[in-house]
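The values are calculated or read from the model by the stated rules, or taken from the named source; none is laboratory data. All of these numbers come straight from a predicted model, not from anything done at the bench. Methodologically, a virtual Cβ is constructed for each residue, glycine included, from the backbone with ideal geometry; neighbour enumeration extends over all protein chains shown.
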Amino acid sequence: MREGYNPHKDQKLEETSFTHQVVLPVYIPFLEEYYKDALEILQNCLNSLFQTVHSKTFITVVNNGSCLQVTEYLDALFTENKIHELIHSENIGKLNAILKGLTGNNIELVTISDADVLFGNNWQAETVAVFNNFNKAGVVGLVPQFKMFESNCGNILFDNFFSSKMKFSKVINREALVRFYESLGWDKNYNQDYLKQYLTISNNNCKALVGTGHFVATYKRELFNEIITYIGYKMGANSESYLDNTPLQKGLWRLTTTNNFAYHMGNVVERWMKDELQKLKKKSDLIPVLSNQRVHKKISSLQFFIKNKLFYKSFSNKQLKKLFYKMKKLPKEMISNY
């Protein structure tokens with residue numbers, strides 16, 4: 001039986017005052033073996049986040065089937081109002097956990113991050129600066145990596161093939177690049193030229209790297225206006241490609257800040273992490289504003305095919321690639337082996 005009229009029926013939601021959302025999926029099933037340092041890594045991640053975000057940041061954590069110790073830690077943070085939204089679930093897979101965090105919110109920028117990222121000073125302001133200077137920016141990463149232009153960048157390469165704004169530039173932070181690949185367990189037998197030059201694009205006084213990874217990156221909310229509800233893999237397979245391809249469907253570019261504004265910690269605690277945490281400054285009251293809020297329409301399937309399939313396949317030709325390197329001012333001595 002129901003009596004009376006629900007006072008909230010037909011009432012519109014108030015517009016949110018938040019301008020940036022962070023979605024963090026967490027899966028730590030136990031605290032042994034591979035996961036023995038995982039809780040401390042997660043604490044480093046969240047403490048760096050709390051220290052560096054501005055006051056208009058909405059933090060969503062999706063507990064994707066973690067053990068009791070991790071669950072209790074996250075519950076305590078939520079009780080302390082350090083986390084705005086905490087979603088508990090069984091292990092439904094990384095991308096499905098991210099999708100849960102995306103739904104029910106309408107905040108103009110959303111950063112999706114792994115739980116082993118250590119955020120650095122000014123990362124939000126630097127991210128917004130890239131969005132504001134590149135109208136076609138759809139996603140902006142924080143960690144430069146090797147040859148990112150070779151993955152899911154057919155549209156930006158096509159759009160700027162003959163443009164002088166896209167060219168190779170000197171690496172700003174060689175040490176951070178080295179540290180990133182150490183965190184992945186790589187030996188140092190990779191091409192050392194990758195530590196010297198990377199492909200950039202410029203506009204106004206802003207420069208960004210062409211391409212980005214997906215372990216920490218910020219997306220325009222419009223990319224998720226039509227959201228898929230389920231992906232049938234826990235990790236890997238085609239699950240990662242959902243986030244990689246979403247900007248391409250609207251003709252938007254994947255970019256990264258030229259300097260390093262976050263670190264990948266991996267699964268083992270190291271001394272440098274504490275050192276980086278100590279470098280973090282107090283949060284600024286300055287809220288970076290997203291000036292370009294144009295909504296982009298989905299491009300045609302033909303346009304998508306030409307830029308991201310046909311052109312990209314031809315770009316893999318060795319001779320064309322060498323010509324491209326020469327056009328884009330890669331130093332002559334690097335062209336043959338880059």
For residues that are free of Cβ contacts under 8 Å to residues at least 12 places away in the same chain and either of a type in the set (D, E) or under 21 Å from L195 (Cα atoms) (or both), tally how many sit in segment 267-285. 2
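Conditions tested, residue by residue: (1) surrounded by fewer than 15 Cβ atoms within 10 Å (Cβ to Cβ); (2) not aliphatic (A, V, I, L, M).
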{"site": "H20", "(1), (2)": "no, yes"}
{"site": "P29", "(1), (2)": "yes, yes"}
{"site": "Y34", "(1), (2)": "yes, yes"}
{"site": "D37", "(1), (2)": "no, yes"}
{"site": "L42", "(1), (2)": "no, no"}
{"site": "C45", "(1), (2)": "no, yes"}
{"site": "S48", "(1), (2)": "no, yes"}
{"site": "Q51", "(1), (2)": "no, yes"}
Taking P288 and the conditions (1) farther than 28 Å from L195 by Cβ; (2) modelled with pLDDT under 90, which numbered condition does it fall short on, given that it satisfies the others? (2)
Given the conditions (1) assigned to a loop (DSSP other than H, G, I, E, B); (2) out of contact with any Ser or Thr (no Cβ under 8 Å at 6 or more places or on another chain); (3) surrounded by fewer than 22 Cβ atoms within 10 Å (Cβ to Cβ); (4) modelled with pLDDT of 95 or more, and given that S66 satisfies all but one, which numbered condition is not satisfied? (3)
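Yes or no, residue by residue, for (1) more than 25 Å from S113 (Cα to Cα); (2) of a type in the set (K, R); (3) in contact (Cβ under 8 Å) with a residue 40 or more places away in the chain:
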site: W253; (1), (2), (3): no, no, yes
site: T257; (1), (2), (3): no, no, yes
site: M265; (1), (2), (3): no, no, yes
site: I287; (1), (2), (3): no, no, yes
site: L290; (1), (2), (3): no, no, yes
site: I299; (1), (2), (3): yes, no, yes
site: L310; (1), (2), (3): yes, no, no
site: K313; (1), (2), (3): yes, yes, no
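Among the residues of segment 146-168, which ones are among the hydrophobic types (A, V, I, L, M, F, W, C) and assigned to a loop (DSSP other than H, G, I, E, B)? Steps first, answer last, please.
Of all residues in segment 146-168, those among the hydrophobic types (A, V, I, L, M, F, W, C) come to 146, 148-149, 153, 156-158, 161-162, 166, 168.
Listed by number, the residues that qualify are F146, C153, F161, F162.
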In segment 89-135, anything of a type in the set (G, A, S) and not in a loop (DSSP other than H, G, I, E, B) is listed as S89, A97, G101, S113, A125, A129
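Take the residues in segment 215-240 that are among the polar types (S, T, N, Q) and modelled with pLDDT under 75; name whichever of them is nearest to T60 (Cα to Cα).
As a first pass, look at segment 215-240 and keep what is among the polar types (S, T, N, Q): 218, 225, 229, 238-239.
Checking which are modelled with pLDDT under 75 leaves us with 229, 238-239.
On the way: T229: 18, N238: 24, S239: 20 Å.
Selected residue: T229.
Please indicate, with yes or no, whether at least one residue in segment 169-183 is part of a loop (DSSP other than H, G, I, E, B) and in contact with a strand residue (DSSP E or B) (Cβ under 6 Å, 6 or more places away or on another chain). Walk me through it before giving the result.
Our first condition is that a residue be part of a loop (DSSP other than H, G, I, E, B); within segment 169-183, this holds for 171-173.
Cutting the leftovers down to in contact with a strand residue (DSSP E or B) (Cβ under 6 Å, 6 or more places away or on another chain) gives us 171.
Scanning segment 169-183, I find at least one residue that is part of a loop (DSSP other than H, G, I, E, B) and in contact with a strand residue (DSSP E or B) (Cβ under 6 Å, 6 or more places away or on another chain), so the answer is yes.
Return yes or no: is V143 part of a loop (DSSP other than H, G, I, E, B), of a type in the set (A, V, I, L, M, F, W, C) and crowded, with 21+ Cβ neighbours inside 10 Å? Before the answer, list the steps.
Values: part of a loop (DSSP other than H, G, I, E, B): yes; of a type in the set (A, V, I, L, M, F, W, C): yes; crowded, with 21+ Cβ neighbours inside 10 Å: yes.
The answer is yes for V143.
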